[in-house]
Amino acid sequence: MADKKSAAAETPAGRAVAYGGFWIRVLAYLADTSIITFVLMTAAVPAVLLGEPGMMAYAAVVALGPFLYFVLMQASRRQATYGKGLLALKVVRAGTRAGISFLRSLGRELAKILSAAVFGLGFIIAGFTQRKQGLHDLIASTAVVREEPTRVLAAILVTVAGIAIPVFAVPLIFATFLGGTMSDFVGPLMG
């Protein structure tokens, strides 16, 4: 009972607010990571086919894409990444339900460096603070609120699919490409 009371608070309008705790946020992050991994691994195939310019563009996307995904999605009207959206989580300004600006979202993402610094303790404290805030949330004056309904099974399926599909599909694509290239090369030699 005490946990429910600490995970919910009253808004100025008198409505109860449920905050996104540590484990549901971990699942949202895993779903987002799976989506990002799937997109990046799928984009690797055309990047390889385009040669050096494609690989340079791909390197830039790999370096900045995931960071910008979180910044832009959380500052959007959705107030959430796709993973958070599956679990009915939204990033808001602490104490309100208002969305966050691009700059606040950027600061929040940069503050995650500090949250990760000492064995991830900045993330773990989200399980112990009244509003379920991690260090990066405290620094950026944000909170993650939870609405209903959450789609936990869908988030788990997205996470598993995002890991499994590239593991099997990308090698098959490369094998097909390599097989086609080898037959183009070996065919004239044999023939």
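Can you name the residue in region 95-113 that is of a type in the set (D, E, K, R) and assigned to a helix (DSSP H, G or I) and, of all such residues, is surrounded by the most Cβ atoms within 10 Å (Cβ to Cβ)?
At the first step, the residues of region 95-113 found to be of a type in the set (D, E, K, R) are 97, 104, 108-109, 112.
In the following step, the residues that additionally are assigned to a helix (DSSP H, G or I) were identified as 104, 108-109, 112.
Values: Arg104: 18, Arg108: 23, Glu109: 19, Lys112: 20.
Looking at residues that are of a type in the set (D, E, K, R) and assigned to a helix (DSSP H, G or I), I get Arg108.
Only one of the listed residues (Leu103, Leu72) is more than 13 Å from the chain's Cα centre (by Cα) and more than 15 Å from Ala28 (Cα to Cα). That residue is Leu103.
Output the residues belonging to region 49-77 that are open to solvent by less than 60 Å² (accessible area, probe 1.4 Å) and closer than 29 Å to Val145 by Cα.
Step one: list which residues in region 49-77 are open to solvent by less than 60 Å² (accessible area, probe 1.4 Å), which gives 51, 54, 57-60, 65-66, 69-71, 73-76.
Listed by number, the residues that qualify are Gly65, Pro66, Tyr69, Phe70, Val71, Met73, Gln74, Ala75, Ser76.
To keep it simple, each residue is scored yes or no on (1) closer than 15 Å to Val158 by Cβ; (2) not in a helix (DSSP H, G or I).
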| site | (1), (2) |
| --- | --- |
| Val17 | no, yes |
| Val26 | yes, no |
| Ser34 | yes, no |
| Val45 | no, no |
| Phe67 | no, no |
| Arg78 | no, yes |
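Do we find a residue being among the hydrophobic types (A, V, I, L, M, F, W, C) and in contact (Cβ under 8 Å) with a residue 40 or more places away in the chain anywhere in region 101-122? No, the conditions are met nowhere in region 101-122.
Does Ser141 satisfy the criteria of being hydroxyl-bearing (Ser, Thr, Tyr), at pLDDT 75 or above and over 18 Å from the mean Cα position of the chain (by Cα)? Answer is yes for this residue. The requirement of being modelled with pLDDT of 85 or more, in contact with an Asp or Glu (Cβ under 7 Å, 6 or more places away or on another chain), part of a helix (DSSP H, G or I) and not aliphatic (A, V, I, L, M) is not satisfied by Gly122.
Entry remark, region 33-48: residues being open to solvent by less than 50 Å² (accessible area, probe 1.4 Å) and over 12 Å from the mean Cα position of the chain (by Cα) number 5 in total. Looking across region 78-93, just one residue is modelled with pLDDT under 95 and surrounded by fewer than 17 Cβ atoms within 10 Å (Cβ to Cβ), and that is Arg78.
The values are calculated or read from the model by the stated rules, or taken from the named source; none is laboratory data. Since this is a predicted model, take the numbers as computed values, not measurements. For neighbour counting, all protein chains shown are included, and Cβ atoms are generated from backbone atoms with ideal geometry for every residue, glycine included. Accessible surface areas use protein heavy atoms only, side chains included; no ligands, DNA or RNA. Shrake-Rupley method; radii C 1.70, N 1.55, O 1.52, S 1.80 Å.
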